[in-house]
Amino acid sequence: MDEEDFSASSSKQYYPYYPHPQPHPSATGTTTTTPTSIHHAFETSEFSTFSPARDLTFDFSGKWATDILLETATAIADRNSGRFQQLMWILNELSSPYGDTDQKLGSYFLQALFNRMTDSGERCYRTLASVSEKTCSFETTRKMVLKFQEVSPWTTFGHVACNGAIMEAFEGESKLHIIDISSTYCTQWPTLLESLATRTDETPHLKLTTIVATKNGGVPGSSTSGTAAGSLASVQDIMKEIGNRMGKFARLMGVPFKFNVIHHGGDLCELDLSKLDIKEDEALAINCVGTLHSIRAVDNRRDMMISNFKKLQPRIITVVEEEADLDVGVDGMEFVKGFQECLRWFRVYFEALDESFARTSNERLMLERAAGRAIVELVACAPSESVERREPANRWSRRFHGS
């Protein structure tokens, strides 16, 4: 890709944008703006009129995207169509998916806000997920996951902490079974196999059952720190290759090993526990890395999943989740509050990628596009169907203590 492709001027938004409102002279000689009614989300009679007296000047020397995007979200909450269109015009001129952090935030959130106001979020999300399938091969996925884990200490720390806790819970046991519900394609387990191989007592037998949950039976619930989404067939091919490599590594370590994969279409709380093939003489651990937030946060489904875990009587349950409260409200100030937290969290994420990856890195581009899909899903899709709504640690803690 040429360097010029990364300039802001060559990267205008690639999705349809509605016509900009044109100023018309009023009888008094001043300029007013006539809102353009172009889709059902904006009925002129339901919104206040844009006031040119309200300041549209922003400080572009700092984090300008945050200010403009929050103003845009507030205009949606206030049902101010004129101001919304003015701000969208500004964002469209300044944003670029190949620019700096602010330009990228502007680009991805602009797309999500446009999808929200045109009720096209679900269609856009499906299209973006379908496009990502073209890059969902084993090698590209492996490189992206490993590179991300190399530069992100929170992922490595989660793996080390979980493995240490599991090893402690399995001490002295000869038959081990780990139910792995994760988004990291088994990158956690080579170090655990090494630890099992060096145990002072007899090397135990390990059975690893990996659950691969897919949204609507096809597209995996993507996590910004996880993997690119792809078709079910692509994921099956990837997991088959991972199983082969895990088996070879286990033989090298001298650990008796069995690898199972269960592909589950739909919500994780609907998982058929009988498919897990748990034996009475096995010490059981359940490991959840970056996946519990993909359970839809409606009808107490997340509580139901934890109750299902309890029925299996595991020795230990390990959970790694990102510390965030990404619950974008449906309307009004609840929407603005959730949007603000979403914007804050993704700014941190994009800044981390900017510090850790080369500008033209393919892995970085894949991660940023996965983040773009997540933003569309959070801002423009129905909360009842969301697989991206994260919760803070204290909420998960209360949920586990309650069960």
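Okay, here's what the table says:
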| read-out | value |
| --- | --- |
| Region 50-76 - residue that is more than 30 Å from Arg359 (Cβ to Cβ) and modelled with pLDDT of 90 or more and, of those, surrounded by the fewest Cβ atoms within 10 Å (Cβ to Cβ) | Thr74 |
| Pick from region 77-95, criterion at negative phi and not in a helix (DSSP H, G or I), ranking: surrounded by the most Cβ atoms within 10 Å (Cβ to Cβ) | Ser95 |
| Test: residue in region 133-146 that is of a type in the set (Asp, Glu) and either modelled with pLDDT under 85 or in contact with a Ser or Thr (Cβ under 9 Å, 6 or more places away or on another chain) (or both) | yes |
| Counted residues, region 173-199 - those being among the hydroxyl-bearing types (Ser, Thr, Tyr) and in contact with a Lys or Arg (Cβ under 7 Å, 6 or more places away or on another chain) | 0 |
| Tally, over region 115-146, of residues that are surrounded by 17 or more Cβ atoms within 10 Å (Cβ to Cβ) and not in a helix (DSSP H, G or I) | 3 |
| Number of the exception - Tyr98 against (1) open to solvent by 20 Å² or more (accessible area, probe 1.4 Å); (2) free of Cβ contacts under 8 Å to residues at least 40 places away in the same chain; (3) in contact with a Phe, Trp or Tyr (Cβ under 6 Å, 6 or more places away or on another chain) | (2) |
| Unmet requirement for Leu312, which otherwise passes all of (1) more than 20 Å from the chain's Cα centre (by Cα); (2) at pLDDT 95 or above | (2) |
| Filtered residues of region 308-338 (kept if surrounded by fewer than 17 Cβ atoms within 10 Å (Cβ to Cβ), of a type in the set (A, V, I, L, M, F, W, C) and in a helix (DSSP H, G or I)) | Met333 |
| Any hit, region 260-276, residues being among the acidic types (Asp, Glu) and either farther than 24 Å from Ala393 by Cβ or outside the structural domain of Ala233 (by the TED database) (or both) | yes |
| Subset tally (residues that are under 20 Å from Ser234 (Cβ atoms) and either charged (D, E, K, R) or loosely packed, with under 15 Cβ neighbours inside 10 Å (or both)) for region 248-272 | 2 |
| Filtered residues of region 154-192 (kept if surrounded by fewer than 21 Cβ atoms within 10 Å (Cβ to Cβ) and hydrophobic (A, V, I, L, M, F, W, C)) | Trp154, Phe157, Val160, Ala161, Ala165, Met167, Ala169, Cys186 |
| Pairs with Cβ under 9 Å, 6+ apart, first in region 168-183 and over 14 Å from Glu280 (Cβ atoms) and part of a helix (DSSP H, G or I), second open to solvent by 20 Å² or more (accessible area, probe 1.4 Å) and charged (D, E, K, R) | Ala169/Arg315 |
| Met305 vs. criteria surrounded by 15 or more Cβ atoms within 10 Å (Cβ to Cβ), assigned to a helix (DSSP H, G or I) and over 14 Å from the mean Cα position of the chain (by Cα) | yes |
| Candidates Glu341, Glu363, Glu351 - the one that is open to solvent by 40 Å² or more (accessible area, probe 1.4 Å) and modelled with pLDDT under 90 | Glu363 |
| Test: residue in region 382-390 that is crowded, with 18+ Cβ neighbours inside 10 Å, assigned by the TED database to the domain that holds Asp119, in a helix (DSSP H, G or I) and in contact (Cβ under 8 Å) with a residue 24 or more places away in the chain | no |
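The values are calculated or read from the model by the stated rules, or taken from the named source; none is laboratory data. Keep in mind the model is a prediction, meaning the values are calculated, not measured. Reconstructed Cβ throughout: ideal geometry from the backbone, glycine too, with neighbour counts over all protein chains shown. Accessible surface is based on the protein model in full, side chains and every heavy atom, while ligands, DNA and RNA are left aside. Shrake-Rupley method; radii C 1.70, N 1.55, O 1.52, S 1.80 Å.
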